[in-house]
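The values are calculated or read from the model by the stated rules, or taken from the named source; none is laboratory data. Nothing here was measured: the structure is a model prediction, and the numbers come from that model. Using ideal geometry, Cβ is built from the backbone for each residue, glycine included, and neighbour counts are taken over all protein chains shown.
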Amino acid sequence: MRKFNLSEEVEKRQKFEEPLIEIDSKGKLKLTEPVFILRAQDISAPALVQAWIALNYDAPKEKLEGAQKILEAMREWPQKKKAD
């Protein structure tokens, strides 16, 4: 496994050698900010989202409600498997 090098990753993204991820909710993710994506089929995803909600109990109400909706949808997802 290659060690993460922030300055190298920033340089790649600034040169558009790797795709950019933009998420609009109240702004965009910074190019230098690492992102971790959970898929509903990941058996551990609901527990991780639930932990996020618990740890961020003082976040804006809309954020917590959005996370709760995602949690419910993940729990109902028909296919579950370990990460691959």
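Some points to look at:
- Positions within the stretch 1-43 being among the small types (Gly, Ala, Ser) and either in contact with a Leu (Cβ under 8 Å, 6 or more places away or on another chain) or at pLDDT below 70 (or both), in sequence order: 25, 27
- Listed conditions (1) out of contact with any helix residue (DSSP H, G or I) (no Cβ under 7 Å at 6 or more places or on another chain); (2) surrounded by 10 or more Cβ atoms within 10 Å (Cβ to Cβ); (3) part of a loop (DSSP other than H, G, I, E, B) are all met by residue 62, apart from (3).
- Unmet requirement for residue 57, which otherwise passes all of (1) assigned to a loop (DSSP other than H, G, I, E, B); (2) at pLDDT 75 or above; (3) touching a helix residue (DSSP H, G or I) at 6+ places or on another chain (Cβ under 6 Å): (3)
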